[in-house]
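The values are calculated or read from the model by the stated rules, or taken from the named source; none is laboratory data. Quantities reported herein were computed from a predicted structural model and do not represent experimental measurements. Please note: Cβ atoms are built from the backbone with ideal geometry, for glycine as well, and neighbour counts cover all protein chains shown. For accessibility, only protein heavy atoms count, side chains too; no ligands or nucleic acids. Shrake-Rupley method; radii C 1.70, N 1.55, O 1.52, S 1.80 Å.
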Amino acid sequence: MTASRITSTAYYQPAKVLTNGDLKAIVDTSDEWIRSRVGIQTRHVIDTETVADLAVAAGGKALASAGLDPGSVDLVVAATSTVEDRSPNLANRVAAELGLAGPAAMEVSTACSGFNHALAVADQAIRAGRARRALVVAADAMSRIADWTDRTTCVLVGDGAGAVTLEACPEADWGVGPVHWGSVPEKSRAVLIEGAPLRFSQEGQTVYRWATTRLAALARETCAAAGVELDRITAFVPHQANLRIVEPLARQLGFTGKVVSRDVVESGNTGAASVALGFAKLIDQGELHSGDFALLFGFGGGLAYAGQVVRCP
């Protein structure tokens, strides 16, 4: 039996930083108002870069970290909801820019759970024998679709990308557990990216209530699907929507003394990139070590969700 394991992680954020103080000049808000409601202090935003630029930067760093020959990657799965053009898709653009040699290339659009869905697609392709090495990239420029007159949403957004490389391995050495995914169709319009031009909006209280009442059970089911007890989890990396969602979830799961990603504080909500970016940062900062179990869980537009237990590379 074949499984997949993560061989590297990487992230990329634009150099430009937008502080809460900077936002005071754009919209009626304050540092205290933002921190008390969502916990965000700063966010990185693009200037002249594109979503593809973010994805290529993170993907290139992941390939280099894994020491992979670009020609050996036979699958690229990219997640985004803010890419500027529909074709060639984001995965095709990444493959072309990084000089990959004819991989299958596809794009996943499930908003803030995009990375987890993309990771599941790549893992399943490897398990099915349709790929041996894969690059999974998630990138969004949420600042590009923000309504900068709406202080309830524009203060949330940030831009960035995260990436992982995967390779086939024996089932006994699995590094990506079974995905636990689904959706809540009756709440499909709780988070929107629509219109011309595209604009992000949400029913914040609807998302908050759902996440703080339903997500802990889904996270436990994700661990059960992987056969990993909660007390064996070293780190929890949920979608970085709001610190007021992240911290209650960690408490509900009994993760108070564990490593919990709070990247939302310095990066804001980076959409599909959120989980990948937060996970890569924890590894880069030495918070996680090879073999540690991490629970990754994304949720958002759709209302779609997906989660996996993974072993750190």
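Details
- Summarising the amide proton neighbourhood of ARG132: residues at separation of 5 or more, or on other chains, whose placed amide H is nearer than 5 Å comprise ASP74.
- Antiparallel %, DSSP beta bridges [both residues in the chain], to 5: 70
- Relative contact order of region 1-100, defined on C-alpha pairs under 8 angstrom at six or more residues apart (%): 30
- Relative contact order %, the chain, counting alpha carbon pairs below 8 Å whose residues are six or more apart: 27
- At least 18 Å along the helix axis (C-alpha) and Kyte average at least 1.0, DSSP helices within the chain: 51-66
- The relative contact order of region 175-302 comes to 32 percent, based on Cα pairs under 8 Å that sit 6 or more residues apart.
- Sorting the segments 84-97, 159-172 by their residues' average number of neighbouring beta-carbon atoms within 10 angstrom, most packed first, yields 159-172, 84-97.
- Surface composition of the chain: carbon and sulfur make up 48 percent of the accessible area, probe 1.4 Å.
- Counted residue by residue at 0.36 nm each, then reduced by the alpha carbon distance between them, the extension gain from ASP147 to ARG86 reaches 19.8 nm.
- Burial order of peptide ranges 187-197, 58-68 (average beta-carbon count within 10 Å, highest first): 58-68, 187-197
- Proximity of backbone amide H atoms, modeled 1.01 Å from N, is registered between CYS169 and ALA3, SER4, ARG5 at under 5 Å, excluding neighbours fewer than 5 places apart on the same chain.
- Size descriptor for region 7-49, Kirkwood hydrodynamic radius: 11.9 Å (Cα pairs only, one decimal).
- Pairwise label distance in nanometres, GLN124 with ALA15, each label 7 Å out on the Cα-Cβ vector: 4.1
- Each residue, ARG244 and ARG132, gets one label point 7 Å from its Cα in the Cβ direction; the gap between the two is 5.1 nm.
- Alpha-carbon radius of gyration plus Dmax, which is the widest Cα pair, for region 205-313 in Å: 12.7, 38
- Averaged over its residues, the chain has an accessible area of 38 Å² per residue, based on protein heavy atoms and a 1.4 Å probe.
- Built amide H within the under 5 Å cut-off of VAL259, gap 5+: PHE236
- Helix-derived mean residue ellipticity, 222 nm - over the chain, DSSP H n ≥ 4, -39500 (n - 2.57), to 500: -9500 deg cm²/dmol
- Distance cut-off 15 Å, percentage of C-alpha pairs in region 88-182 lying past it: 67
- The chain - Debye-derived log10 I(q)/I(0), Cα point model, q = 0.15 Å⁻¹: -1.15
- Most mobile of GLY158, GLY271, GLY177 in a GNM of the chain (Cα contacts under 10 Å): GLY177
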